[in-house]
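Here the structure comes first, spelled out in structure tokens, and everything after it is commentary.
The values are calculated or read from the model by the stated rules, or taken from the named source; none is laboratory data. The structure displayed is predicted, hence computed values, not measured ones. Every residue, glycine among them, receives a Cβ derived from its backbone with ideal geometry; neighbour counts consider all protein chains shown. We work out accessible area using only protein heavy atoms, side chains counted, and drop any ligands, DNA or RNA first. Shrake-Rupley method; radii C 1.70, N 1.55, O 1.52, S 1.80 Å.
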Amino acid sequence: MTQEFDLVRSLEAAVEDRRAAWEFVKGFAADWTAEPLGAGDGWSEAELAAAEERLGLRLPAALREAYALLGRRTDLTGNHDTLRTPAELYVDETGQALVFRDENQGAARWGILLTDLAREDPPVRMRPDLADKSREKWEDWLARTSLAFVEIVLSESVHAPDDLVDVLEALEEDDLEELEQRSAGLPFPRYPEGEEPGTRWFLRDGVLLRDDGAWLMVRGRTEEALDAVREAIPGDWLNG
């Protein structure tokens, strides 16, 4: 008998351990998407090695593992932002970071500092695209690459192009308090690191909720669960 996926407990482990992060990704794909992860969903060793040869550098273990596990699954990594293929990885123009992900309108990039590449599970940084280029810098985002891929899978799930997602503009104070009181806060650190209030995740009656201070984005396991959250949290839901 297959053990039931416990999102909260699995996420709690994923925050602490790289291997547990990949188990979370597998469990989430099997339980919250239409298709579990399969053997052909990642990039091959030959493709990753070719990228390393082209770049003249060694990819961190956690980045290699992520690409090998789910790099081809755009439904898990590319509903909104874009995970670059191994052939598209590049060192940014400042020569500081290996870039592996792009915001969908070019507003930001995610990467790993070259000085961190020797670490097995290095921090991931984000560089915003600013009009004043002199103000751009690689800013702290999440402390580990494996944790960043857990975030990618979660965030891309609330952007899925199906009837199980919806979005609401920033909550009023009373609605925010109701959300906090009646939803289970997920054991995921607020991010970007050092930024307040930061992004927070909740789980409520079969619905995943992402609050970043500007938008409340949700994904239900069923349409009924999603409708219940829409009724409980009033507002101008985009799809409701």
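Being closer than 19 Å to HIS159 by Cβ and among the hydrophobic types (A, V, I, L, M, F, W, C), is that true of even one residue in the range 84-91? No - not one qualifying residue is present in the range 84-91. Screening LEU37, LEU76, LEU57 for residues that are surrounded by 19 or more Cβ atoms within 10 Å (Cβ to Cβ) and part of a loop (DSSP other than H, G, I, E, B) leaves exactly one candidate, LEU37.
Candidates in the range 114-128 are the residues that are touching a strand residue (DSSP E or B) at 6+ places or on another chain (Cβ under 6 Å) and either outside any loop (DSSP other than H, G, I, E, B) or among the acidic types (Asp, Glu) (or both); of these, the one that is surrounded by the fewest Cβ atoms within 10 Å (Cβ to Cβ) is PRO128. Of all residues in the range 91-113, those being touching a Leu at 6+ places or on another chain (Cβ under 8 Å) and open to solvent by 60 Å² or more (accessible area, probe 1.4 Å) number 1. Scanning the range 156-166 for residues that are part of a loop (DSSP other than H, G, I, E, B) and out of contact with any Ser or Thr (no Cβ under 9 Å at 6 or more places or on another chain), we see that the one that is farthest from VAL207 (Cα to Cα) is PRO161. Could you please find all residues in the range 130-155 being open to solvent by 10 Å² or more (accessible area, probe 1.4 Å), among the charged types (D, E, K, R) and either assigned to a strand (DSSP E or B) or under 24 Å from LEU76 (Cα atoms) (or both)? If the condition is that a residue be open to solvent by 10 Å² or more (accessible area, probe 1.4 Å), among the charged types (D, E, K, R) and either assigned to a strand (DSSP E or B) or under 24 Å from LEU76 (Cα atoms) (or both), then GLU139, ASP140, ARG144 are the ones that fit. Look at the range 134-145: where a residue is touching a residue at least 60 places away in the same chain (Cβ under 8 Å) and of a type outside the set (Phe, Trp, Tyr) and a partner is surrounded by 16 or more Cβ atoms within 10 Å (Cβ to Cβ) and part of a strand (DSSP E or B), sitting 6+ places away or on another chain with Cβ atoms under 8 Å, you get ARG144/VAL124; THR145/ILE112; THR145/VAL124.
On the given criteria, is ARG73 over 18 Å from LEU55 (Cβ atoms), touching a residue at least 40 places away in the same chain (Cβ under 8 Å) and of a type in the set (Lys, Arg)? Yes.
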